[in-house]
Amino acid sequence: MQLAPVNRYRGETMRSEDTKISTHQTATDPRNDALMLYVDGRIVPKAEAVVSIYDSGFMLGDGIWEGVRLHNGVWAFLDAHLDRLFEASLALDLDIGKTRAELKAALDETAAANGMETDAHARLMVTRGRKSAPFQHPQFSRWGPTIAIIVEHSKPSIPRPIRLASVAHHRGLPLTQDAKLNSHSKLNCILACIAAEKAGADEALMFDPFGFVNTTNACNFFIVRKGEVWTSTGDYCMNGITRGHVVALCRENGIPIFERNYSLVDAYGADEAFMTGSFGGLTPVGSIDHRPMPAAPGPMTDRLSSLYRSLIESHCGGAGAA
């Protein structure tokens, strides 16, 4: 008989039939039923925020995006997100057609249309635009780009640590699809998440092409071993904005931090594990492949979460959320 993993977040035993959760789980907010969203320069009701079925993003996943949180009227670390967006546009040879200032104005306009000041999340999406025919070649994208912004009242509500399962799907080499690109094409990550759910977990722990622990299907991944914080080299995963801040916070506060190759055995033997992302900040991991973490969250996760909240407060003013 297989023992059920222990949920050390609240002290109860987790059962295989427990409801699945995700790192992007939010508290229900009825205001999201009547949102105003941005599509190609217009603020329109949610039901009218549509794009053509000929759009490159819908048809081929040919687009890029950024997720940004609004804290006390300030888009958290927006400059870093726009840096990454414009760098990705160069890689895709995609002309965004707007300046950084114009994109920020579009974000501000969309938030204002919904009366948002804090606890909001925006997904800024840019595709190559509408095609003249349903084929792959970029020459058919003749009416682009398409720029859309979804904003939602969004407060993370994750009731327990995330359960991860290691899966066969991995983040590939840059010559196939560079994992550093925040592209619309996320099929490998979606398949990884499905595989993890079928294994009884919430989300997937993915490897790099050489079998080293890399990232989850949705977030960057860290472990803590004997007071040291480890994360992947960053060569085969999205170099997340929050990931970078956590690495910097470790260095600034005398916490040993290593960007290195490490194996699943190292992860199984960790004292703590957590994930990072712009939506949820630091999210504790409760188990990997049904092997419970000794602490979830542990003291290092709590310390880094506190440091990250302070960074948000310093950047945005007021009591920033994680």
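Would you compute, from DSSP H runs of 4+ residues alone, the mean residue ellipticity of the chain at 222 nm, taking -39500 (n - 2.57) per run and dividing by the full residue count, rounded to the nearest 500?
-8000 deg cm²/dmol, from helical runs alone.
For the range 221-271, what class follows from the C-alpha gyration tensor (a ≥ b ≥ c being the square roots of its eigenvalues): rounded when a/c is under 1.5, otherwise prolate if a/b is larger than b/c, else oblate?
It is oblate, given that a/c is not under 1.5 and a/b is not larger than b/c.
If each of LEU191 and THR19 carries a label point 7 Å out from its Cα toward its Cβ, how far apart are those two points in nm?
Going by the 7 Å Cα→Cβ label model, 3.1 nm.
How big is the range 156-220 by the Kirkwood estimate over distinct Cα pairs, in Å?
Result for the range 156-220, one decimal place: 12.2 Å.
Run the reach check for LYS186 against aspartates and glutamates, Cα to Cα strictly under 18 Å, same-chain hits fewer than 8 apart removed. What comes back?
ASP55, ASP62, GLU66, ASP178, GLU197, ASP202, GLU203, ASP208, ASP235
Under a 5 Å amide H to amide H cut-off, with H placed in plane at 1.01 Å, what residues pair with ALA120 once short-range neighbours are removed?
Sorted by chain and number, the residues that satisfy this are LEU70, SER154.
Label the range 87-163 by shape, choosing from rounded, prolate and oblate, from the square roots a ≥ b ≥ c of the eigenvalues of the Cα gyration tensor; if a/c is under 1.5 it is rounded, and otherwise prolate applies when a/b is larger than b/c, oblate when it is not.
Here the range 87-163 falls in the prolate category.
Could you tell me which of rounded, prolate or oblate describes the range 30-153, using a ≥ b ≥ c as the square roots of the eigenvalues of the alpha-carbon gyration tensor, with rounded for a/c under 1.5 and, failing that, prolate when a/b is larger than b/c and oblate otherwise?
The shape class here is oblate.
Using amide H atoms built in the peptide plane, which far-off residues or other-chain residues are under 5 Å from THR26 H to H?
SER157
Using r as the Cβ-Cβ distance of TYR268 and ASP79, and R0 as 41 Å, what FRET efficiency do you calculate, to the nearest 0.05? The partial results should precede the final answer.
Numbers: r = 38 Å, r/R0 = 0.93.
Efficiency at R0 = 41 Å is approximately 0.60.
Expected output is a single nm value to one decimal: the length gained when fully extending between GLU102 and GLU87, i.e. 0.36 nm times separation in residues minus the C-alpha distance. What is it?
Length gained, GLU102 through GLU87: 3.7 nm.
Could you check the simple spin-label distance between GLU259 and ARG309, using points 7 Å along Cα→Cβ, in nm with one decimal?
Those two pseudo-labels are separated by 2.8 nm.
Can you run phi through the Karplus equation (6.51, -1.76, 1.60; θ = phi - 60°) for the range 174-189 and list ³J(HN,Hα) in whole Hz, with x for Gly and Pro?
x, 6, 9, 9, 4, 5, 6, 7, 8, 8, 5, 7, 10, 4, 4, 6
All of the numbers you see were taken from the coordinates with simple rules; none came from a lab. Note that the structure is predicted; figures quoted are calculated from it, not measured. Heads up, the Cβs are rebuilt from the backbone with ideal geometry, glycines too, and the neighbour counts pull from every protein chain shown.
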